[in-house]
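Notes for the one structure printed next.
The values are calculated or read from the model by the stated rules, or taken from the named source; none is laboratory data. From a predicted model like this one, the values you see are computed outputs, not experimental measurements. Virtual Cβ from ideal backbone geometry, glycine too; neighbours counted across all protein chains shown.
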Amino acid sequence: MLRKRLIPCLDVRDGQVVKGVRFADHVIMGDIVELAQRYRDAGADELVFYDIKASTVGDTVARSWVERIAALIDIPFCVAGGIHDVASARAVLGSGADKISVNSRALARPELIDELAASVGSQSVVVGVDSRHVGPNPQDWFVFQFTGSSATIRNSGRRTLDWVREAQSRGAGEIVLNCMDHDGVRTGYDIPQLKAVRAAVQIPLIASGGAGSAQHFAAVFTEADVDGALAAGAFHSGELTVGAVKKYLNDCGIEVRS
Amino acid sequence: MIAVVNTGGANLRSVTNALSRLGAECRLTDDPGLIASADRVVLPGVGAAAESMRRLEAANLISVIKSLKQPVLGICLGMQLLFASSEEGDVDCLGMIPGRVVRLTAGPGVRVPHMGWNHLAKRIENEPLLANIDDKDCFYFVHSYRATEGPWVKGWCDHGGLVPAVVSQGNVWGVQFHPEKSQDSGARLLRSFLEL
């Protein structure tokens, strides 16, 4: 059986790890490679490095930190932020990343997903989706763009369920759904939204936003049937450890990698 | 010296990093002479079968790889390239193992690509590559195509039924997963390959 994945997400700015709470007021959290190793040793199944600055000011991720991580880390990792074309994707993957994630750029030009899938294969193409409930009806979820800063954030006008279906049909290999209404508040994942997205696509789905306790992970795996759960602050603050969450999931009968 | 064949996939560096961590001297190369004279050859690969075969052909590597007598390990797409043909792009491959590579079938709860950590639910006893692997070992899989069944299959994972995950025939081995990304379990398997 495929194991459910626990994925710490390290927000990166200027080669340092920062913690994001509701995408504002970032605090530097420490050396990126040191933190990556810490999570690898703790039993993380995968890591996501999200370069916040790259996605908002338009530069590409510095390959040097990707190379430093790849030399030391023997679990898969994904780099998000700054991937704007096939060349930048190939550069990051060539530096040792396993996947690249596109978000705002794909919203601006959806053909980017097709081009990336054709060039590097769907298995390496993750589409990140920042989604928030806006409107009177329960399923009024919309995709937001340029969420790295309160100055740039905007509603793309695309409905989340339409967008994830389009991303899949264009060749995305995985969706990371960041539920913005739950991000940073640690009151649990957005189960209704994740269930709706789960039902809309067949490719792997990773939940993001809201983790605060081991019970939240168990709930999102059992109720929304996601393939993995991503968390940042809850792990970075030390409130939760990957090992403790895995033990709890195992006790609940949810298969995880030991 | 371990020759890691430059199949043109994007993240071949992971493979050389993993072998280097085990203390092996390795070279990422598409030089036919270096590959022919290496102690062991690793055929990695991420991407599409047809594109990788075109690249091997352009580098005049097909006959060199087919005539290798030393231990060869294909990883992920590299394993698939060892077979006679692939449904992905309907392309003829190296033919070092008979059989065809076909698309995985999605179903309820069975996602394609098969992406994530899985264990080897069934293993052939006495397979030297799996000498230090047991039920607790998980490996990182990322693939949408699978090898067909045959006497060459030595280990299977469970993804909507048993799926070939480890193959071998003669001097040729292949793993569908990424040992270079499978932490301690992967390192143990690569160590076994270095000791074959």
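Conditions tested, residue by residue: (1) under 27 Å from A:ASP98 (Cα atoms); (2) among the acidic types (Asp, Glu); (3) over 14 Å from the mean Cα position of the chain (by Cα); (4) crowded, with 24+ Cβ neighbours inside 10 Å.
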{"position": "A:ARG154", "(1), (2), (3), (4)": "no, no, yes, no"}
{"position": "A:ARG158", "(1), (2), (3), (4)": "no, no, yes, no"}
{"position": "A:ARG165", "(1), (2), (3), (4)": "yes, no, yes, no"}
{"position": "A:GLY171", "(1), (2), (3), (4)": "yes, no, yes, no"}
{"position": "A:VAL176", "(1), (2), (3), (4)": "yes, no, no, yes"}
{"position": "A:VAL201", "(1), (2), (3), (4)": "yes, no, yes, no"}
{"position": "A:GLN215", "(1), (2), (3), (4)": "no, no, yes, no"}
Handout entry: Subset of region B:138-152 [part of a loop (DSSP other than H, G, I, E, B) and either polar (S, T, N, Q) or within 10 Å of chain A (Cβ to nearest Cβ) (or both)]
Key = B:SER144, B:THR148
Exercise for the section: Would you point out which residue out of B:VAL72, B:VAL64, B:VAL46 is modelled with pLDDT under 95 and of a type outside the set (D, E, K, R)? Expected result: B:VAL46
Handout entry: Leading residue by the ranking (farthest from B:ARG55 (Cα to Cα)) among those in region A:113-144 that are of a type in the set (S, T, N, Q) and within 18 Å of the chain's Cα centre (by Cα)
Key = A:SER131
Problem - Selected residue [β-branched (Val, Ile, Thr) and assigned to a strand (DSSP E or B)] from A:VAL126, A:VAL66, A:VAL92 - result: A:VAL126
Fill in the blank from the handout: Checking A:ASP114, A:ASP98, A:ASP130 in turn, the sole residue that is away from chain B (no Cβ under 14 Å) and in contact (Cβ under 8 Å) with a residue 12 or more places away in the chain turns out to be A:ASP130
Practice task
Quickly run through region B:99-122 and pick out the residues that are in contact with a Lys or Arg (Cβ under 6 Å, 6 or more places away or on another chain), at negative phi and facing chain A (nearest Cβ under 9 Å).
Solution key: B:TRP117
Handout entry: Test result for B:LEU56, in a strand (DSSP E or B) and touching a helix residue (DSSP H, G or I) at 6+ places or on another chain (Cβ under 8 Å)
Key = no
Problem - Selection status of B:GLY109, closer than 30 Å to A:VAL256 by Cβ and in contact with a Gly (Cβ under 7 Å, 6 or more places away or on another chain) - result: no
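Go over the candidates A:GLU223, A:GLU166 one by one and state the one that is free of Cβ contacts under 8 Å to residues at least 40 places away in the same chain, farther than 30 Å from A:ASP14 by Cβ and among the charged types (D, E, K, R).
The unique qualifying residue is A:GLU223.
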Practice task
Mind counting the residues in region B:148-177 that are among the charged types (D, E, K, R) and either surrounded by 22 or more Cβ atoms within 10 Å (Cβ to Cβ) or over 19 Å from B:SER85 (Cα atoms) (or both)?
Solution key: 2
Problem - Per-region count, region B:162-180, residues within 24 Å of B:SER67 (Cβ to Cβ) and under 11 Å from the mean Cα position of the chain (by Cα) - result: 7
Fill in the blank from the handout: Residues of region B:20-58 being within 11 Å of chain A (Cβ to nearest Cβ) and over 30 Å from B:ASP90 (Cα atoms), in sequence order, are B:SER20, B:ARG21, B:LEU22
Problem - Hey, A:THR187 surrounded by fewer than 19 Cβ atoms within 10 Å (Cβ to Cβ), without any contact (Cβ under 8 Å) to a residue 60 or more places away in the chain and at negative phi or not - result: yes
Practice task
Answer with yes or no whether A:ALA89 is surrounded by 23 or more Cβ atoms within 10 Å (Cβ to Cβ) and away from chain B (no Cβ under 11 Å).
Solution key: no
Problem - Residues located in region B:123-134, provided they are at negative phi and either touching a Phe, Trp or Tyr at 6+ places or on another chain (Cβ under 8 Å) or without any contact (Cβ under 8 Å) to a residue 24 or more places away in the chain (or both) - result: B:ARG123, B:GLU125, B:LEU129, B:ASP134
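Whether any residue in region B:176-189 is away from every other protein chain (no Cβ under 14 Å), in contact (Cβ under 8 Å) with a residue 60 or more places away in the chain, assigned to a strand (DSSP E or B) and not basic (Lys, Arg) is what I want to check.
Looking through region B:176-189, none of the residues is away from every other protein chain (no Cβ under 14 Å), in contact (Cβ under 8 Å) with a residue 60 or more places away in the chain, assigned to a strand (DSSP E or B) and not basic (Lys, Arg).
Could you list, in sequence order, the residues of region A:217-232 that are at pLDDT 95 or above, touching a Cys at 6+ places or on another chain (Cβ under 8 Å) and under 15 Å from A:CYS78 (Cα atoms)? Give the steps one after another, and end with the answer.
As a first pass, look at region A:217-232 and keep what is at pLDDT 95 or above: A:217-230.
Filter once more, keeping what is touching a Cys at 6+ places or on another chain (Cβ under 8 Å): A:218, A:222, A:230.
Selection gives A:LEU230 alone.
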Exercise for the section: May I ask you to list pairs of residues, at least six apart or on different chains, whose Cβ atoms are under 6 Å apart, with the first in region A:63-81 being more than 10 Å from chain B (Cβ to nearest Cβ) and the second being part of a strand (DSSP E or B) and among the basic types (Lys, Arg)? Expected result: A:CYS78/A:LYS99
Exercise for the section: Run down A:VAL134, A:VAL226 and say which single residue is of a type in the set (A, V, I, L, M) and surrounded by fewer than 19 Cβ atoms within 10 Å (Cβ to Cβ). Expected result: A:VAL134
Practice task
Please give the strands (runs of 3 or more DSSP E) falling wholly within region A:143-258 in which 1 or more residues are within 14 Å of another protein chain (Cβ to nearest Cβ).
Solution key: A:174-179, A:205-208, A:228-231
